[in-house]
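The values are calculated or read from the model by the stated rules, or taken from the named source; none is laboratory data. Please read all numbers here as calculations on a predicted model, not as lab measurements. Here the Cβ positions follow ideal geometry from the backbone for every residue, glycine too, while neighbour counts run over all protein chains shown. To get the accessible areas, we keep the full protein, side chains included, count just its heavy atoms, and leave off ligands, DNA and RNA. Shrake-Rupley method; radii C 1.70, N 1.55, O 1.52, S 1.80 Å.
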Amino acid sequence: MDARDETRAATGRRPGARERILDTSYELFARRGIRDVGVDEIITRSGVAKATFYRHFPSKDALVLAYLDRWFLARSEALEAATRNIESRDEALLAVFGVLDDWFQRGRAEASAFLHVMIEMGPDHPLGQASIEYLRRTRDQLAEIALAAGLDDPDGFAWSCHILIKGAMVADAEGDTRAAERARLMASLLIEHHRRRQQPVHGQQTPQGHRRADGHDVSSDSPRGDGPRSDGGQRLAPFRPREAAAEAEHRLAKPSRLAKTKGTLSSAERN
């Protein structure tokens, strides 16, 4: 039950035809995937006429895109609610895993909707492209939280943290009831790693100084932290200039990519 279901239950309002179609498809797509669920089954289960279905959703792809939109909104609202009153910056970063664990415990199969649709439809299909865009938007949200927390290389943190989230989804599908908890522990180590990188190695100035105690110049363009640390730990290099430029291009182009994906679906509907 998401916020819409709770509102309807509280007011006693009966959902309209479009909402019934979305409610029905939401559960079917989440449990069985996209290809296994046919339009006729959705029409029968939602109790609407075929003409009514196609008036609201000209194609099955249009319905799937609405399903993805609805899930992204529900997921974003859940994460915002989980971080709203948290004062600890680290706990705000880890809140996503608490939300994830709640979904897993309640058996919310749609938790991995974007991942499943992308894999099922493929990255070249319009729905696969839409899923990839939603995954990018998730990383953007993670990077924003990391930036607010003052972590070094928030984009790099977001990519690494997203790997943990997607891995937890796969592990949950395999039956690991502690998948989110395990991922949360690894994320806490990841946060510690990104905080340590802000501290200069002994005998070395902060990055603004660009010069170590031995007189060796440190270029601002070179990735910090390649190789072993003097304290025996390891540093992961942040995005190199080329990788950072590619990620920046992704960020700038994301609105047009999503609009292009929706335009492709609209064109398919008209045909």
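Worth a mention:
- Note on residue 140 and residue 27: the extension gain reaches 38.0 nm, defined as 0.36 nm multiplied by sequence separation minus the Cα-Cα distance.
- Distance between the modelled labels on residue 44 and residue 86, one decimal in nanometres: 4.4 nm (7 Å Cα→Cβ projection).
- Modelled label positions at residue 159 and residue 124, each set 7 Å beyond Cα in the direction of Cβ, lie 2.5 nm from each other.
- In the stretch 86-146 the Cα-Cα distances spread across 10 Å bins starting at 0 as 21, 38, 33, 7, 0 percent of all pairs.
- Förster radius 30 Å - calculated FRET efficiency between residue 178 and residue 148, Cβ distance, rounded to 0.05: 0.60
- For the residues 76, 25, a 1.4 Å probe over the protein chains yields an accessible-area ranking, largest first, of 76, 25.
- Converting phi to 3J(HN,Hα) with the Karplus coefficients 6.51, -1.76 and 1.60 and the offset θ = phi - 60°, the stretch 43-53 yields 4, 5, 5, 7, x, 10, 6, 4, 4, 5, 4 Hz in sequence order, with x at every glycine or proline.
- The shape of the stretch 122-178 can be summarised by an equivalent ellipsoid whose semi-axes, obtained from the alpha carbon gyration tensor, come to 23, 19, 7 Å from longest to shortest.
- Extension gain for the segment residue 19 to residue 54, taken as residue separation times 0.36 nm less the Cα-Cα distance, is 11.2 nm to one decimal.
- Cα gyration tensor, the stretch 74-182 - rounded (a/c under 1.5), prolate or oblate: oblate
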